[in-house]
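Sharing a structure here in structure tokens format.
Only the coordinates and a few stated rules stand behind these numbers; no lab work does. Note that the structure is predicted; figures quoted are calculated from it, not measured. Positions of Cβ are generated from backbone atoms using ideal geometry, with glycine treated the same way; all protein chains shown enter the neighbour counts.
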Amino acid sequence: MVPVTILTGFLGSGKTTLLNRILKEQHGRRIAVIENEFGEAGIDNELLVQDAGEQIVEMNNGCICCTVRGDLVRILGELQAKREAKQLDFERIIIETTGMADPGPVAQTFFMDEDIGNYYLLDSIVTLVDAKHAEKQLDEFREAQEQVGFADRILLSKIDLVSAEEQEKLKARLVKMNPRAPIKQVHFGNTPLEDILDIRGFNLNAILEIEPGFLEQAEHEHDDAVQSFVFRADEPFDGVKLEEFLAGMIQVYGPDLLRYKGVLWLDQNATRVVFQGVHMLMGGDVGKPWGPEEKRGSVMVFIGRKLPEDLFIQGLKQCLVKSS
């Protein structure tokens, strides 16, 4: 059976960073990746390394635990068919869920569909927890609590941003929520693969203790206050203007900005700029070079609570360098 790892964690906890680390490492494992975005535009394919040894399938038409569950079954079936036809060569799958996903319905897929359950083995649910923002997220979002509750492994990220005392307090809370999941630290995705793959940690009996109705179909609701919007541009940004605008918006709306990320075209810059942030923390990094004939542009995704979309869009437009 093909082992499957579900990689979950709240918005901005570092799932894509960890996944990139796995894909880059010369570990000899052949991995297919299914990754899901919350919102109309997915850009994690830009953030993920592309390698001939991996197959990356993106679903961005909704939360993986809601409208795309049928898509997940379909994609797993297609991957199986291509593998059996020798069109694809992979030995395991990693599913990266959107940060707003309840992992329960994703795991359900492997028990509700007989064909999927006979071919794939749900190896484990690995949950990343953002040490800097976890307390607030756990207080406010049921999804964040579900992610911890279903975890077979908990990986604490951003530990360098909190004190030892805060870290111990958070660990105590996590242990109280899920005493069966070992807690490890992960720094910028750097953790032994043994903590992630081939854990054989998914224990249906343990899950049934948490949620007796696990194998029953259930409605799944999201906090409607959490929404996303996308900004696209075919003109380059003025880097200084953009940084000043975003810094100002983050000062005002940072607490409600759960996650924001993008791939940017900056004026007179030969490479993409990858931009990511959580609440008040924002950073950028150099991405892939633009090809000589490649159409350039920017796409940014903002996820948050009751954000003033029009204000963001108008401000971002003011940061563009207009062609003369």
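For residue 156, list long-range residues whose amide hydrogen, built 1.01 Å from N in the peptide plane, is under 5 Å from its own amide hydrogen.
Result for residue 156 returns 129, 184, 185, 186.
Right, next: What residues have an amide H closer than 5 Å to that of residue 320, excluding those fewer than 5 places away on the same chain, when H is modeled at 1.01 Å from N in the peptide plane?
Those lying under 5 Å, H to H, from residue 320 are 238.
How are the alpha carbon pair distances in region 226-318 distributed across 5 Å bins from zero to the largest one, expressed in percent?
In whole percents, the pair-distance histogram is 3, 13, 26, 27, 17, 9, 4, 1, 0.
Same structure, new question: Does region 135-200 classify as rounded, prolate or oblate by the C-alpha gyration tensor (a ≥ b ≥ c root eigenvalues; a/c under 1.5 gives rounded; else a/b over b/c gives prolate, otherwise oblate)?
Cα axes put region 135-200 in the oblate bin.
If you count, for each residue, the other Cβ atoms within 10 Å and average over each peptide, how do 285-297, 7-19, 73-85 line up from highest to lowest?
Listed from highest to lowest mean packing, they are 7-19, 73-85, 285-297.
Residues with beta-carbon under 14 Å from that of residue 200, excluding residue 200: net charge, scoring Lys, Arg +1 and Asp, Glu -1?
Every neighbour counted, the sum reads -2.
If packing is taken as the average number of other Cβ atoms within 10 Å across a peptide's residues, how do 270-277, 95-102 rank, most packed first?
95-102, 270-277
In angstroms, what radius of gyration and Dmax does region 69-140 have, counting Cα atoms only?
Just the Cα atoms of region 69-140 yield Rg and Dmax of 15.2, 48 Å.
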